[in-house]
Amino acid sequence: MSPSDIEPPVDPLDEQLTAYLDGELPPEEARALEQRLARDVTVRERLRELAGAWDMLDNLPRSTVDENFAKTTVAMVAVAAKQDLVDLQKTAPRQQRRQWLTRVMAIAASLILGYVGFTWLWPNPNKQLLSNLSLIENWQLYQEADSIEFLNQLDRAGLFWSENTTNPDHLAMLVPPTMEERTLYVNQLSESQRNELRRKQETFEKLEPAEQKKLRELDHVLQTAPNSARMLEILRNYHNWLNARSPLEIADVRKLPADQRIDKIRELQLRDEEQWVKQYRFPSHMAEDFRRVYTWLTDLALQREQEILANAPEQQRAMIERQPVESRKRLLLKTWIDQEFAKRRSEGFEILTEEQRRELKNASPERARYLIGQFMRNIPAAQRKPMLPVTEAELEDLLKRLTDNARTILKPYQVPAGATDAERARLTSERNAKIWEWIGDSMRFAFYSRGFVSDREIQDYFAGLSDETKKELALLSPEEWKRELRNRYLGEQGGFGGGWWGGRPWSRDGSGRDDGPRPPGLQPDGPPPGPPREGGFKDGGFKEGGFKNGGKGPNGKGPKGPPPNNPPPPPEGGFRGPPSNGPNAPSKEPSPNPVPRPTNP
Amino acid sequence: MGISDSTIARYTLHDPDVRLMLQVRDDDAAAFEELMLRYQDRLVTVLEHLVGSRDTAEDLAQDVFLRVYRSRKSYQPGAKFSTWLFTIANNVASNSRRSRSRRKEVILESNPNNSQEMPGLEQMAVAASSFIPARRLDKEEMQAAVRTAIGTLNERQRMAVLLNKFENMSYEEIAETMELTPKAIKSLLSRARGNLRAVLEPYLERGTAVSE
């Protein structure tokens, strides 16, 4: 018992004065006390002292908790919620359990502020694993990198970074900072993901100490770098691209010192270009012009930077402003297109049928762009409104940048001396239609030129599909699902709304183009020759390497993709494009295994 | 004794936090999060001054929220939400104090060198009498003096003072929170004020003010 527990009785006057100060005296008592105060200076003095001491309590600070408090509290409650579920499953009838399952999962999932999924507790994720979580998850990627400087070189060269990634600065690839959050993260992985993590840990521990040390150091550098998320994204994309190549190519790249690897990568990408130019039906003699058109487009976007940024939401603006110049130009171009597209979409298209408008209304932005492109194919190219507000002067600037080859193709549209106004207008309109066709093609060309599709793009694309589409995809095996999704994404996104631009439609109906001689083997009205390769060309980066781990990428994160044991939902309204033996169809060819490093499991 | 329908209706109507808690009862996670965000600072403030340790206060506050979650299904609004919450807090703090006492951890032992612990009354009386501030105190020194003064109160007095001061609770609300009668609270607060006056008198006599 503390000293203050043994006390004399309370002074009734003090009690009354205290209650008076607290506003707790009944009115008649308060009036009587006030009269006493008015006439008795000692009582007034006593009141003043009691009030004075009380007022000094205002010096006590008020506490403010930090965000870790909220996070750990939520984590505790989520664990309690989970335990409720376990208990309930033991005792409750099935019907009630099912109802509860949804609600408890919802409360836990939404409480965990961004972590989704809700699986069984991993009883003892050992401390070592949790402390080294980023290392264990990523060490196989790190083996490709050597150093963060190599990744910076890739970045400066504009390689393996996709401006099509939604919100690229906020990738859920970084490991949670606190042990509580990591425990929570690990606990919500599926059984197979946890097994994979354990395997990675076991394999890592078998590496030579020197190798472990090197990887540990790289992990530390990468996790603490200011551009950590970007570096890891580039690393992952590079890793996926490399491991999709032939064994010889992989060995050739790996044996080179970092500073020579960039040239080798470019050489391989150019070699790939030959193949995908054929596959996606780009006129091969136009490759250089497509590159120049794309550069012109990104320059235009950069010139309009202020206006584009002014119309962009704050977060997007901040993200664009942070990018190095090449990425920024590409992002600005994408944003500009999205903004122009949104204007048109909201204006409505008089040429659409009710059904088309309905489909468009429910589509995600990317899918909507694709659909518009399809719908627009019914309009003659010369009558389509340009997608971007480009001035005549800017078009003239583009003409100056093109090669002789392109200028030769445009010769028939030159306005002869003495042409009437009507002829001038017609020729200019047809010339511009051709140029807009090239603009569309150049954007597709740039897309395929990257040589890879990031896991995140696939995840974002999948998330934007309709529920019906997702359900249909669920009927496929995980491997087929991956391939199908990638094919569809490449087909749709690479098109940038193919027909709308006047560019070559993805559906490969072989419709007439007059850009010069066709590649051999392609007939004007026939189907494409031979069975399609799955998802891309033989040794290109669009293969399995881009999508290894059940839709979640090597880090095993990314709740947007479906977990491998949860078949994902399906395509909307059937496939656009060619029939079942066309390139969009799931291929039955087994995918080649990536070349293992000696230490891979 | 059950709560009448009219009481439930009254608090549901007049107290938005009661309405949030009713949503928590229906497993609305966002409502739980909102309540947590509204009360976390207030709870930790009171608990920190109660137990004298920030870490312990945060642990106790988390216990309180966990109890709020666990008891959500049986929640019935028979009082303001804050009253109910601080009742839980009072119980959690008391339980904690009892278990700490059983483990022979004495929070209230005198140790003038450790600002986390609360000195006994004798020590403080000595300290107060010997420490006649000859100058205006700065804010930190004043805070330390007041914290020390709070520490001279017993736990019930301290809780009543903190609820009155920081939560602006009436005697009736404090009584409900601490499961005492309003008359008992009146005595507690009166005694507390008297003790505070005694300990902080040197600062009052000198007209010492906090210098910014």
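The values are calculated or read from the model by the stated rules, or taken from the named source; none is laboratory data. Note that the structure is predicted; figures quoted are calculated from it, not measured. Glycine also receives a Cβ, built like all others from the backbone with ideal geometry; neighbour counts cover every protein chain displayed. What goes into the accessible areas is simple: the full protein's heavy atoms, side chains included, and nothing from ligands, DNA or RNA. Shrake-Rupley method; radii C 1.70, N 1.55, O 1.52, S 1.80 Å.
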Of the listed links B:LYS139/B:LYS165; A:LYS255/A:LYS278; A:LYS206/A:LYS255, those spanning more than 27 angstrom between alpha carbons are A:LYS255/A:LYS278
Apply 1/(1 + (r/R0)^6) to the Cβ-Cβ distance of B:THR181 and B:ASP41, taking R0 = 41 Å, and write down the FRET efficiency to the nearest 0.05.
-> 0.85
Rg and Dmax [Cα atoms of the range B:141-204; Å; Rg one decimal, Dmax integer] = 11.9, 36
Leaving out ligands, DNA and RNA but keeping every protein chain, what accessible area does A:ASP467 have, in Å² rounded to the nearest 10, with a 1.4 Å probe?
-> 100
So for B:TYR171, A:TYR294, what's the accessible-area order with a 1.4 Å probe, most first?
-> A:TYR294, B:TYR171
Note the full-extension length gain between A:ASP40 and A:ASN195 as 0.36 nm times their separation in residues minus their Cα-Cα distance, in nm to one decimal.
-> 47.6 nm
How many Cβ atoms of partner chains, on average, are near each residue of B:146-156 if near means within 10 Å of its Cβ?
-> 3
Between chains B and A, the summed loss of accessible surface on complex formation, probed at 1.4 Å and reported to the nearest 100 square angstrom, is 5100
When the Karplus curve 6.51 cos²θ - 1.76 cosθ + 1.60 is applied with θ = phi - 60°, which whole-Hz ³J(HN,Hα) does each residue of the range A:316-330 get, with x for Gly and Pro?
-> 5, 4, 4, 5, 5, 5, 7, 7, x, 4, 5, 4, 5, 4, 5
Inter-label distance for A:GLU321 and A:VAL10, nm, one decimal - labels placed 7 Å from Cα along Cα-to-Cβ = 6.0
Past 30 Å, Cα to Cα, is the threshold; run A:LYS214/A:LYS329; A:LYS82/A:LYS361; A:LYS334/A:LYS361; B:LYS73/B:LYS186; A:LYS82/A:LYS482 against it and keep the listed order.
-> A:LYS214/A:LYS329; A:LYS82/A:LYS361; B:LYS73/B:LYS186; A:LYS82/A:LYS482
Between A:LEU475 and A:ARG424, 0.36 nm times their residue separation minus their Cα-Cα distance comes to what?
-> 12.8 nm
Taking each residue of B:66-77 in turn, how many C-beta atoms of other protein chains fall within 10 Å of its C-beta, and what is the average?
-> 2
With r defined as the distance between the Cβ atoms of A:THR203 and A:ARG266 and R0 fixed at 30 Å, what FRET efficiency is calculated, to the nearest 0.05?
-> 0.40
Dipole of the range A:26-83, Cα-centred, from +1 at each Lys and Arg C-beta and -1 at each Asp and Glu C-beta, to the nearest 20 debye?
-> 140
Accessible area, 1.4 Å probe, largest first: how do A:GLU249, A:GLU28 sort?
-> A:GLU28, A:GLU249
At A:ASN68 and B:ARG54, where each label point lies 7 Å from the Cα along Cα→Cβ, what is the point-to-point distance in nanometres?
-> 1.1
FRET efficiency for B:ARG10 and A:GLN306, using Cβ-Cβ distance with R0 set to 45 Å, rounded to 0.05 = 0.20
Starting at the first residue of the range B:65-71, write each ³J(HN,Hα) from the Karplus equation 6.51 cos²θ - 1.76 cosθ + 1.60 with θ = phi - 60°, in whole Hz, x for Gly and Pro.
-> 5, 5, 5, 4, 4, 5, 9
Once you average over the residues of B:27-33, how many Cβ atoms of partner chains fall within 10 Å of each Cβ?
-> 6
Ignoring any ligand, DNA or RNA, what whole percent of the accessible area of the range A:225-318 comes from carbon and sulfur when the probe is 1.4 angstrom?
-> 51
